[in-house]
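Before any comments, here is the structure.
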Amino acid sequence: MQEISIKASDLANKIEGVLYGPDNLLSGNYTFLNKASENDIVIRHKINGKGIEIANEKGVSCLITQNPHDDAISMAKALNFSLIVTEHIEYATAFALNTIVKEYAEDSFKVAVTGTNGKSTTTHLLYTIFSDFNYDTYTNTDAESEGNTLIDPRVASELSDYYDKNNNIDVITLEVSEVQGWDDEIMKNHSNKMIRALDADSVIITNASMDHINLVKSFDNLLYEISGAAKALLNGDKESLLVLNYEDENIRNMANIVSNQSNINVMFFGNYDENNILSVSYKEGVGIYSGNELYVEQKDLPFNSIHFIQDIMAALAVCIYRNMDRGRVIESLKNYKPLARRFIKLRENPIIIDDFAHNPSGINLTIENGSKLGNNLFIVNAIRGSRGDDINREIAEALVKSLKDRDNYTLLLTCSVDVVNHLNTVVDSEKNIFLEILEENNIHFMLFESLEESLLNVVNLASDDDVILLLGAQGMDPASRILKKHDII
């Protein structure tokens, strides 16, 4: 691997930080403390004196943090260790990402995908298609979508590892969180910073619906954060692509951001309308069109649910823009294996669907599509633990919206105390607000403390011709393992 060098003082200036300790020449990888080797540069949101000692013992050349706790600064001075303190850890992770991209992937084709829902599937679809075309392709997306933020240096670290292993990076498909932060502190302009750091050639914006409401206080604020993805393309003058969801008016209108830029191409995806031909569109029962020409038939689509078809259209827009061989794209689609917990069918008779529905719009979409698969609807929903009252109120309201006009549903709630750690524990206020919303709207439910108990109960209640939906984030992640343990799937 080539050496990337920068003086510690210059790095501090780049990320608006203060340097404590020696002004060394830094030439290591940007990475995590537990992964660091000699000369590496560690980026860590918070650190104490003991952490500084560990970094020094590992031979780390510099550590960057936003929150130096206890005796971190005094320990750095005592050990003559380079410590940079910045008020914005995202400046450091963005700089690390941009540095690695320029050094190892400047000529690669770089796609960023953001929006409230569909980011992971769209990103993974593109990763799969480009990989099937034998491009050396890196992606940060996974089942948990934990690598889509600028809170830590995961992408920069993994890109370095990828280049070290393959000596080449042809394509980067990056899932980017539309809003990020911690507690109630928003990381302003997150998508804009991350996509600019990537120097993206293509940006996809899937949709906008209220999520992260502990961070953004209004829908307008959410739209502002998402629009930063389109604004990121204004940073350069190279030929680039902006892909927008035409069916979401707020996303559609983001085309205006780049309307005066001749170097930025805009492609819309949405429903087929012969009077308004989009770049990519879907006609139910027929398939997906490129312009006015049928591109892929319905039978060759890996999903039939409309929200997943939107993800496919978004990915296909990039393939069409790149003039990729249509036959090979379709073959890749036909063989596509989705990410875990993305509307995955675990069993027939009764049908059991597992979905990472963790925000209001995701809940509504999954119930809408899942309810069509069986006679009676059974839902097991894991209350979101340690995520705040607001998001749990919104999810409960989404359940009300989806269930209030139904009479053939059974709702089971779980706190998942048997499977979650302290970072995902449901606190009393979260549980109380969830239950209050349901009770106020006459939505009947059963509450179980453990995930295992809720799963065993729902399987006993459902008949062979019914459908069971397993909804939720971390509290529902172990569901398939528990079902396998009991020979249910």
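Points to keep in mind about this one:
- For residue 287, the amide hydrogen comes within under 5 Å of the amide hydrogens of 298, counting only partners 5 or more places away or on other chains and with H modelled in the peptide plane.
- MRE, 222 nm, helices only [DSSP H, n ≥ 4, -39500 (n - 2.57), over the chain, to nearest 500]: -11000 deg cm²/dmol
- Under the convention that each Lys and Arg Cβ holds +1 and each Asp and Glu Cβ holds -1, the size of the dipole of the chain around its Cα centre is about 560 debye.
- Averaging the Cα positions of each part gives two centres, and for segment 457-489 and segment 305-321 these lie 29 Å apart.
- Helix 306-321 vs. the chain, principal-axis angle (Cα, 0 to 90°, nearest 10): 50
- In degrees, nearest ten, helix 428-440 long axis to first principal axis of the chain (Cα): 30
- Highest average packing first - 117-127, 198-208, Cβ atoms within 10 Å: 117-127, 198-208
- Ranking 122, 150, 112 by how far each Cα lies toward the positive end of the dipole of segment 77-150 (charges on Cβ) leaves 150 at the top.
- For segment 408-489, the dipole from Cβ point charges (+1 on Lys and Arg, -1 on Asp and Glu) about the Cα centre works out to 300 debye, to the nearest 20.
- Dipole magnitude for segment 99-256: computed about the Cα centre from +1 point charges on Lys and Arg Cβ and -1 point charges on Asp and Glu Cβ, it is near 380 debye.
- Around residue 224: net Lys/Arg minus Asp/Glu count, Cβ-Cβ under 12 Å: 0
- What the phi angles of segment 240-256 give under the Karplus curve with 6.51, -1.76 and 1.60, with θ = phi - 60°, is a coupling list of 8, 10, 10, 10, 10, 7, 5, 6, 9, 4, 5, 6, 3, 5, 6, 4, 5 Hz, glycine and proline written as x.
- Cα-based helix-to-principal-axis angle, 89-104 vs the chain, degrees rounded to 10: 80
- Relative contact order of the chain, defined on C-alpha pairs under 8 angstrom at six or more residues apart (%): 10
- Dipole of segment 354-489, positive direction: furthest Cα of 388, 359, 375, with charges on the beta-carbon: 359
- Antiparallel bridge percentage (DSSP; both residues within the chain; nearest 5): 25
Just so you know, all these numbers are worked out from the coordinates, no wet-lab data involved. Just so it is clear, the model here is predicted, and its values are computed rather than measured. Don't worry about glycine lacking a Cβ; one is built from the backbone with ideal geometry, like all the others, and counts go over all protein chains shown.
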